[in-house]
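The values are calculated or read from the model by the stated rules, or taken from the named source; none is laboratory data. Since the structure is predicted, the reported quantities are computational estimates derived from the model, not experimental observations. Ideal geometry is used to build each Cβ from the backbone, glycine not excepted, and the neighbour counts take in all protein chains shown.
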Amino acid sequence: MNKGYMGKILMADLGTGLIEDIVIPETVYKNYLAGMGLGAYQLYNQIPAGAAPLGPENILGFVAGLLTGSGSYFSGRWMAVGKSPLTGGWGESNCGGNFAPAIKRCGYDGIFFKGVSETPVYLTIQDGKAKLCDASHVWGRDTVETELLLMKEIGGKKKARVVCIGPAGEKCSLIAGISNDRGRMAARSGLGAVMGAKKLKAVVLSGSEKISVHDKVEIRRLSRKCKKYVKWQPPFVSGPLTAWVGALMRFLPTQLAMDGMLYKIMLKKWGTVSMNQMSVEIGDAPIKNWKGTNRDFGPDKSAAVNPDAIIAHQKRKYHCYSCPLGCGGICTVKGKHPETHKPEYETVLSLGGLCMNADADSIFYLNEMLNRAGMDTISVGGTVAFAMECYEAGLITTADTDGLELTWGNTDAIVALIRKMIKREGIGDLLADGVKRAAEKLGEDAAAFAVHAGGQELPMHDGRNDPGFALHYSVEPAPGRHNTGSQLYYEMYRLWKKNKNLPKPWLLYFKGRKYKTNRKKAVMAVACGQYMNVLNGAGVCMFGAFIGADRIPVSEWLNAATGWDKTLEQYMEIGERIQAVKQLFNCKHGIRPETFMPNQRTSGHPPLTQGANKGRRAILEPVIRDYYELLGWDVHTGKPTSETVRRLNVN
Ligand code: SF4
């Protein structure tokens, strides 16, 4: 009997209609766990070099974590994997909701698709039978309508779950994502476009297979123990005060290492929007397409999105599967949305401060509109901000925009432009594939305003405030992402508590140290990457992991689920192997280290002349070299050396 994992995947060939089960050897789980690790192993071996991301040779996978369904907390993440049409390299997108356990209840650790269908289809698995069905009746519908219709068609079974694309994915917008739970999005890497190119509208799962584990009692004991950390919730400051706490932090010359319990308290009270104003004030949130500062978007403007103002709309909390924290929320906006997901911090800031938009109602409206269209809110905000700067510089005029005046903060124009992007109408067609493609078409001058790493629009964390983010944006196999590491994340993960080889950060430090890159920062970044790959193999939510490795027993849960007996250090070696196989995927597909270097503006070249990040420059080249050396990757080609491949037993 398998322990934690199901032991097989499903492969559907959309070109031939053939559907088959593929048994996965136990050694693969031991080497790569499940989830992202299993996905990376499969895709590295099966996608041929040079495969077109939107062509039949690309493979799109939906994978669930090894811990999903085991009874351990925070373990409901599922991931979409494939070759990214945005970057041309490794593509991954991590999502919450309730789809992950549905994959395993159908008896699989992952569901993969190759080929391209001639007509729109969806895959359904019910009572152990998988089949491809005609999707022409839902093609053209938005993600919420599609999910409701397909759920109704299978009789509204309680544990049935749907993932689907909206019109953006159907139109192969390279910034399209994949939705579940009517608005939880696997948004990044452009994998919605891969699904659209395959003419795969949805996956509908309804199963009741048992998910076996080695020691259920131990898993429950561990979960009970970690629940006490989640439960502890002292009263906290009011929403508007967070801006002033941020301003105070900006002025102090020193900083305390962040304990993730503090962030947990904020997450539990408000969700990710807890950081809306504080991030602007400390210089974490990029403003005005990364050329502005907190002075441009001060508390007078950001007040509309202060955490209390956002959750005033919340009618109930939203928990992903197996999550005791519940950072999500279901909101009502009077007269507009009876029910809509609470916008996340990333959404609020990319559609807010990045475009200088101070209208909270428009952010709720756009969040719902983009969730329904199936489009990545971070990439959309980044692309709109790019268009605004092009407009300011005269590279785009009202003749190109059908009369829209793309001035900073013009809410009506932002809404109208995004509608055009979803429909690929007029200038919207140019922008629907993100900033890199748009800049290439607009000519050389536009490149300076295009903020991306290898084609992926950057998230709302400024590397000038925390160079750890800038480093990860540049070196991760899926670049330009905020969900792997940074100095802040390293402090919160508390890995040194369980892995004594890792450096302990200073409890109190002069901020000057934080803005400097050095080899120690590379050591921290490597550890964050290894750990994050373990979390993604296990299906554990990053926000849970922020509570600290000594409080959230990931390695103990994995041991109890599988019967293995590994230390965190040994699991982190598995994480390193997953990282290596993703990097090998990129090398196989022609990606070189320089391909992913983000727009220089984002690391302070040239430095800002005012605001929270005034004068700061992250010098990345030496720390990138250190990062590659520590992982055993060639510093020139980025390729894991043959010695590294042997050491990690990558196959
Ligand atoms: S902390 Fe938030 S994102 Fe993470 S599993 Fe819980 S509800 Fe989902």
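Does any residue of the stretch 155-167 turn out to be within 29 Å of Lys83 (Cα to Cα), surrounded by 23 or more Cβ atoms within 10 Å (Cβ to Cβ), of a type in the set (Gly, Ala, Ser) and not assigned by TED's automatic domain parsing to the domain that holds Val305? Within the stretch 155-167, one or more residues are within 29 Å of Lys83 (Cα to Cα), surrounded by 23 or more Cβ atoms within 10 Å (Cβ to Cβ), of a type in the set (Gly, Ala, Ser) and not assigned by TED's automatic domain parsing to the domain that holds Val305. Annotation note: of Lys231, Lys199, the sole residue that is assigned by TED's automatic domain parsing to the domain that holds Val144 and surrounded by fewer than 24 Cβ atoms within 10 Å (Cβ to Cβ) is Lys199. Being within 16 Å of the ligand (Cβ to nearest atom) and part of a loop (DSSP other than H, G, I, E, B) is the filter here, so list the residues in the stretch 73-129 that pass it. Passing the criteria: Tyr73, Phe74, Ser75, Gly76, Arg77, Gly96, Gly97, Asn98.
Within the stretch 114-144, the residues that satisfy the criterion of being modelled with pLDDT of 95 or more and among the acidic types (Asp, Glu) are Glu118, Asp134, Asp142. Each residue in the stretch 351-368 was checked for being of a type outside the set (D, E, K, R), away from the ligand (no atom under 16 Å from the Cβ) and touching a Ser or Thr at 6+ places or on another chain (Cβ under 6 Å), and 2 of them qualify.
Answer yes or no as to whether Ser279 is surrounded by 21 or more Cβ atoms within 10 Å (Cβ to Cβ), more than 16 Å from the ligand (Cβ to nearest atom), small (Gly, Ala, Ser) and modelled with pLDDT under 95. So Ser279 does not fit the description; no. Taking the criterion of being of a type in the set (Lys, Arg) and touching a Pro at 6+ places or on another chain (Cβ under 8 Å), the only residue of the stretch 564-583 that qualifies is Lys582. Residues in the stretch 305-350 that are hydroxyl-bearing (Ser, Thr, Tyr) and within 14 Å of the ligand (Cβ to nearest atom): Tyr318, Tyr321, Ser322, Tyr345, Thr347. Within the stretch 484-512, the set of residues being polar (S, T, N, Q) and surrounded by 18 or more Cβ atoms within 10 Å (Cβ to Cβ) comprises Thr484, Ser486, Gln487, Asn499. Checked against (1) modelled with pLDDT under 95; (2) among the aliphatic types (A, V, I, L, M); (3) over 28 Å from Leu495 (Cβ atoms), Ala618 passes all but condition (3). Among the candidates Leu222, Leu149, the residue that is farther than 20 Å from Gly82 by Cα and either β-branched (Val, Ile, Thr) or outside the structural domain of Gly35 (by TED's automatic domain parsing) (or both) is uniquely Leu222. Being of a type in the set (A, V, I, L, M, F, W, C) and without any contact (Cβ under 8 Å) to a residue 40 or more places away in the chain holds for only one residue in Leu458, Leu471, Leu495, Leu502, and it is Leu502.
Within the stretch 516-523, can one find any residue that is at pLDDT below 90 and among the polar types (S, T, N, Q)?
Taking every residue of the stretch 516-523 in turn, at least one turns out to be at pLDDT below 90 and among the polar types (S, T, N, Q).
Going through the stretch 57-94 one residue at a time, which ones are of a type in the set (S, T, N, Q) and over 22 Å from Ile22 (Cβ atoms)? Correct list: Ser70, Ser72, Ser75, Ser84, Thr87, Ser93, Asn94. Could you check, for the stretch 622-636, whether at least one of its residues is in contact with a Pro (Cβ under 7 Å, 6 or more places away or on another chain), part of a loop (DSSP other than H, G, I, E, B) and surrounded by fewer than 22 Cβ atoms within 10 Å (Cβ to Cβ)? The answer is yes, given that some residue of the stretch 622-636 is in contact with a Pro (Cβ under 7 Å, 6 or more places away or on another chain), part of a loop (DSSP other than H, G, I, E, B) and surrounded by fewer than 22 Cβ atoms within 10 Å (Cβ to Cβ).
For the stretch 385-412, the set of residues classified as outside any loop (DSSP other than H, G, I, E, B) and touching a residue at least 12 places away in the same chain (Cβ under 8 Å) consists of Ala385, Phe386, Ala387, Met388, Glu389, Cys390, Tyr391, Glu392, Thr411, listed by residue number. Restricting Gly326, Gly353 to residues that are surrounded by 23 or more Cβ atoms within 10 Å (Cβ to Cβ) and in the same structural domain as Asp445 (by TED's automatic domain parsing) narrows the list to Gly353. Close contacts from the stretch 248-274, counting a first residue that is on the phi > 0 side of the Ramachandran plot and a second that is of a type outside the set (Phe, Trp, Tyr) and crowded, with 19+ Cβ neighbours inside 10 Å, with Cβ to Cβ under 7 Å and a gap of 6+ residues or different chains, come to Gly271/Cys327; Gly271/Gly328; Gly271/Gly329; Gly271/Lys342.
Results for (1) crowded, with 24+ Cβ neighbours inside 10 Å; (2) touching a helix residue (DSSP H, G or I) at 6+ places or on another chain (Cβ under 6 Å), shown as yes or no for each residue.
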residue: Glu57; (1), (2): no, no
residue: Gly71; (1), (2): no, yes
residue: Val81; (1), (2): yes, yes
residue: Trp90; (1), (2): yes, yes
residue: Ala100; (1), (2): yes, no
residue: Ser117; (1), (2): no, no
residue: Asp127; (1), (2): no, no
residue: Asp134; (1), (2): no, no
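Of all residues in the stretch 360-388, exactly one satisfies the criterion of being among the acidic types (Asp, Glu) and either buried (at least 24 other Cβ atoms within 10 Å of the Cβ) or touching a Pro at 6+ places or on another chain (Cβ under 6 Å) (or both), namely Asp376. When the residues of the stretch 549-566 are filtered to those that are more than 16 Å from the ligand (Cβ to nearest atom) and of a type in the set (D, E, K, R), the one that is surrounded by the most Cβ atoms within 10 Å (Cβ to Cβ) is Glu556. Scanning the stretch 440-474 for residues that are buried (at least 23 other Cβ atoms within 10 Å of the Cβ) and of a type in the set (Gly, Ala, Ser) yields Ala450, Ala453, Gly454, Gly455, Gly463, Gly468, Ala470, Ser474.
Among the numbered conditions (1) assigned to a helix (DSSP H, G or I); (2) basic (Lys, Arg); (3) crowded, with 24+ Cβ neighbours inside 10 Å, the only one that Arg437 does not meet is (3).
Would you mention how many residues in the stretch 489-509 are in a helix (DSSP H, G or I) and not hydrophobic (A, V, I, L, M, F, W, C)?
Counting residues in the stretch 489-509 that are in a helix (DSSP H, G or I) and not hydrophobic (A, V, I, L, M, F, W, C) gives 5.
A Cβ distance below 9 Å, combined with a sequence gap of six or more or placement on separate chains, defines the contacts here; from the stretch 210-237, residues that are on the phi < 0 side of the Ramachandran plot reach residues that are of a type in the set (Asp, Glu) in the pairs Glu218/Glu556; Ile219/Glu556; Leu222/Glu556.
Taking the criterion of being within 11 Å of the ligand (Cβ to nearest atom) and outside any helix (DSSP H, G or I), the residues of the stretch 526-548 that qualify are Gly539, Val540, Cys541, Phe546, Ile547. Scanning the stretch 31-45 for residues that are in contact (Cβ under 8 Å) with a residue 60 or more places away in the chain and out of contact with any Asp or Glu (no Cβ under 7 Å at 6 or more places or on another chain) returns Asn31, Tyr32, Leu33, Gly35, Gly37, Gly39, Ala40, Tyr41, Gln42, Leu43, Tyr44.
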